[in-house]
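First comes the structure, then the notes that go with it.
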Amino acid sequence: MSLKAVIYDLDGVITDTAKYHYDSWKWVGNQLEYTLTEKQNMKLKGVGRKESLDKILKWSGARISEAEKQSLLNRKNQMYLEYIDTMAPDEVFPGFKEFNKKAKSEGIKVAVGSSSRNAIRIIDKLDLVLAFHAIVDGGMTPNSKPEPDIFLLAAEKLQLKPEECLVVEDSQAGLTAAKKAGMKSILYGKDKGLKGAHMQIDNWLSADLDQFKNLY
């Protein structure tokens, strides 16, 4: 078997929107009279919006109605959209475009598999819409990460078997989703505490496509 596709997470792998998520989730915490820490925010990486709010409610011990939950989620998303609408192409991680272009030139299909319901909007701001063969976001599947739905749909769109696809992730939820999907995975970034990846790279400038291929 050979490597047929690379499926990238978006937030934290192609660009950094974590700071925008943190600012908007901190606002949500403040409404619950709770201060969300950076460490807790890291646990929201790769997790869907509703699931993230449930985690914050659990940490804070706050009890609110379903209507209040929806109101907070809507306002959080509005704030986040205001942040990402200021994004520009120079916020793509250094080396990513070159790596992605090389993969495509060697016949490897490329896709984005993101829990974010705003993935396409972000990709548009980064001027990367035409860079991928498929884009799957959190609004296209019934379940978000750590369930495998997003990656399985990406493989389906690429017309490939799950085992032919390699996932690049920076979150535990994403690595778990890849494993459930039957896909190998690479951990992106310097976090040493995550489990399940077959390999780790610090950044795209040090990424070697041949090493990706050698996993197969």
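A few notes on this one:
- Of residues in region 58-92 being more than 27 Å from Val28 (Cβ to Cβ) and surrounded by 11 or more Cβ atoms within 10 Å (Cβ to Cβ), the one nearest to the chain's Cα centre (by Cα): Val92
So that you can scan it fast, the table gives a plain yes or no per residue for (1) over 16 Å from the mean Cα position of the chain (by Cα); (2) surrounded by fewer than 16 Cβ atoms within 10 Å (Cβ to Cβ); (3) over 21 Å from His21 (Cβ atoms):
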site: Ile135; (1), (2), (3): no, no, no
site: Thr141; (1), (2), (3): no, no, no
site: Pro148; (1), (2), (3): no, no, yes
site: Leu153; (1), (2), (3): no, no, yes
site: Glu156; (1), (2), (3): yes, yes, yes
site: Leu160; (1), (2), (3): yes, no, yes
site: Val168; (1), (2), (3): no, no, no
site: Met183; (1), (2), (3): no, no, yes
site: Ile186; (1), (2), (3): no, no, yes
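- Within region 178-200, the set of residues being closer than 14 Å to Ala155 by Cα, assigned to a loop (DSSP other than H, G, I, E, B) and aliphatic (A, V, I, L, M) comprises just one member, Met183.
- Gln172 meets the stated requirement of being on the phi < 0 side of the Ramachandran plot and touching a Gly at 6+ places or on another chain (Cβ under 8 Å).
- In region 1-25, the qualifying residues are those that are charged (D, E, K, R) and at pLDDT below 95, and the one that is nearest to Phe212 (Cα to Cα) is Asp11.
- Filter pass, Asp127 being without any contact (Cβ under 8 Å) to a residue 60 or more places away in the chain, in contact with a Ser or Thr (Cβ under 7 Å, 6 or more places away or on another chain) and not aliphatic (A, V, I, L, M): no
The values are calculated or read from the model by the stated rules, or taken from the named source; none is laboratory data. These numbers were taken from a predicted model, which means no experiment stands behind them. A quick note on method: Cβ atoms are made from the backbone with ideal geometry, for glycine too, and the neighbour counts reach across all protein chains shown.
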